[in-house]
1. Being in contact (Cβ under 8 Å) with a residue 12 or more places away in the chain, surrounded by 15 or more Cβ atoms within 10 Å (Cβ to Cβ) and assigned to a loop (DSSP other than H, G, I, E, B) is the filter here, so list the residues in the range B:74-105 that pass it.
2. Out of curiosity, is B:Thr44 of a type in the set (S, T, N, Q) and within 23 Å of A:Asp54 (Cα to Cα)?
3. Quick one: C:Gln32 ticks every box in (1) under 22 Å from A:Leu131 (Cβ atoms); (2) out of contact with any Asp or Glu (no Cβ under 7 Å at 6 or more places or on another chain); (3) of a type in the set (S, T, N, Q) except a single one, so which number is it?
4. Would you confirm, using the coordinates I've provided, whether A:Glu67 is touching a residue at least 40 places away in the same chain (Cβ under 8 Å) and charged (D, E, K, R)?
5. If I filter the range B:120-132 down to residues being outside any strand (DSSP E or B) and more than 10 Å from chain C (Cβ to nearest Cβ), which single residue comes out as surrounded by the fewest Cβ atoms within 10 Å (Cβ to Cβ)?
6. Examine the range C:97-115 for a residue that is of a type in the set (Ser, Thr, Tyr) and closer than 22 Å to B:Ala94 by Cβ, and state whether such a residue exists.
7. Identify the residue in the range A:13-46 that is touching a helix residue (DSSP H, G or I) at 6+ places or on another chain (Cβ under 7 Å) and within 14 Å of chain C (Cβ to nearest Cβ) and, among all such residues, is farthest from C:Ile99 (Cα to Cα).
8. Of the residues in the range B:101-113, how many are at the interface with chain C (Cβ under 9 Å from one of its Cβ atoms) and under 24 Å from C:Leu35 (Cβ atoms)?
Amino acid sequence: MIQEIMIQTKRRDEMLDITVQVEEILLRENVQNGLVVVYSAHTTAGITINENADPDVQKDILRRLDEIYPRDDAKDRHLEGNSAAHLKTSTVGASQMIIVRDGKLLLGRWQGIYFCEFDGPRRRTCYVKILK
Amino acid sequence: MIQEIMIQTKRRDEMLDITVQVEEILLRENVQNGLVVVYSAHTTAGITINENADPDVQKDILRRLDEIYPRDDAKDRHLEGNSAAHLKTSTVGASQMIIVRDGKLLLGRWQGIYFCEFDGPRRRTCYVKILK
Amino acid sequence: MIQEIMIQTKRRDEMLDITVQVEEILLRENVQNGLVVVYSAHTTAGITINENADPDVQKDILRRLDEIYPRDDAKDRHLEGNSAAHLKTSTVGASQMIIVRDGKLLLGRWQGIYFCEFDGPRRRTCYVKILK
């Protein structure tokens, strides 16, 4: 009962709405009630739940996170140069859980599930685990 | 087995201790062991677990989050003007989970469950899902 | 099915890799498939999932969090003087969940589970709950 969502990101920082992919897994597995865990298998990309209506919210989130955790920081020691991406990932979190009721994700009216790329573009994997 | 907690917030930013409401649901459902998921159905309000003793901790948390994510930011594009609230929500998270042991929430001595309002006052909904 | 991991931290801010301890619990309990919840019972210490290869990532994370949430802040009201630690804890989160597949933690290649001390040194407790 573990499914994978494969994602090809296109920018360094990007929020990709994966709500439909998670819903498709629910349908395929015929889950009526339970809990879904959406998990990013990466340390420079996380999962968050946020607004699905105005795409400007995503732009503001990514820009402000980048101001708080700037890519370049002379004090960083990590040679790969992506410590900011690691910090952003720990801030939003590696995973989110969503309740399932009557076969549907129990999301609020404006909530979508987002894969948050912080060090792209890359090929990424999300695991989806359903607890019935 | 999904319960709702209805909340009327009174300020723009506010941390409301909902531990007792979650405990009441445990009692009502007669849950002895398992996991409780507390989920905010909103994109400008989240859930966190933090200190339940000195209310000044909540004041410091809200004030500092507001300094990091100021309400007004000339670069924000989102016309509703509440991008800071969306960022605060993704920072604390939309949900928290708490282990249940022998009919009780397995919280640490100083831990309480907080509903975090970041764009109030509003009428809000929390979902509580119990996994036995 | 609730296990405890006891931790003695040595510094004020510290990220301790507890992946092996969680794996040992899986083996001892003979869990093949399910979900593991790793939970910090504290309000000034959390759990995060991040890079397990270069220890400089942890140094950068701790240093940058300390710049964003400085220990001393003249506006803080909390007399204990550790509001920054409470903020760091709510930022990384009190708990993380990891999927279990075929008896193993389904972590990404570079992911480790970290206990994050933000107000040490102290004796700390983590709860590990397995959902089969």
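A short reminder: the numbers here are calculations on the coordinates, not readings from a lab. Bear in mind the structure is a predicted one, so any value in this text is a computation, not a measurement. Reconstructed Cβ throughout: ideal geometry from the backbone, glycine too, with neighbour counts over all protein chains shown.
1. Within the range B:74-105, B:Asn82, B:Gly93, B:Ala94 meet the criteria.
2. Values: of a type in the set (S, T, N, Q): yes; within 23 Å of A:Asp54 (Cα to Cα): yes.
Judged against the criteria, B:Thr44 is a match.
3. Single failed check for C:Gln32: (2).
4. On the way: touching a residue at least 40 places away in the same chain (Cβ under 8 Å): no; charged (D, E, K, R): yes.
Taking the combined requirement at face value, the residue does not satisfy it.
5. Just the residues of the range B:120-132 that are outside any strand (DSSP E or B), to begin with: B:120-122, B:132.
Still in the running and more than 10 Å from chain C (Cβ to nearest Cβ): B:120-122.
Details: B:Gly120: 19, B:Pro121: 12, B:Arg122: 14.
The residue in question is B:Pro121.
6. The answer is yes, given that some residue of the range C:97-115 is of a type in the set (Ser, Thr, Tyr) and closer than 22 Å to B:Ala94 by Cβ.
7. Within the range A:13-46, the first condition is being touching a helix residue (DSSP H, G or I) at 6+ places or on another chain (Cβ under 7 Å), and the residues that meet it are A:13, A:15, A:36, A:38, A:43-46.
With within 14 Å of chain C (Cβ to nearest Cβ) added as a condition, the list becomes A:36, A:38, A:43-46.
Details: A:Val36: 11, A:Val38: 10, A:Thr43: 16, A:Thr44: 19, A:Ala45: 17, A:Gly46: 15 Å.
Applying the filter and picking the extreme gives A:Thr44.
8. Filtering the range B:101-113 for residues at the interface with chain C (Cβ under 9 Å from one of its Cβ atoms) gives B:101, B:106-112.
Subsequent filtering for residues that are under 24 Å from C:Leu35 (Cβ atoms) retains B:101, B:106-108, B:111.
Here the count works out to 5.
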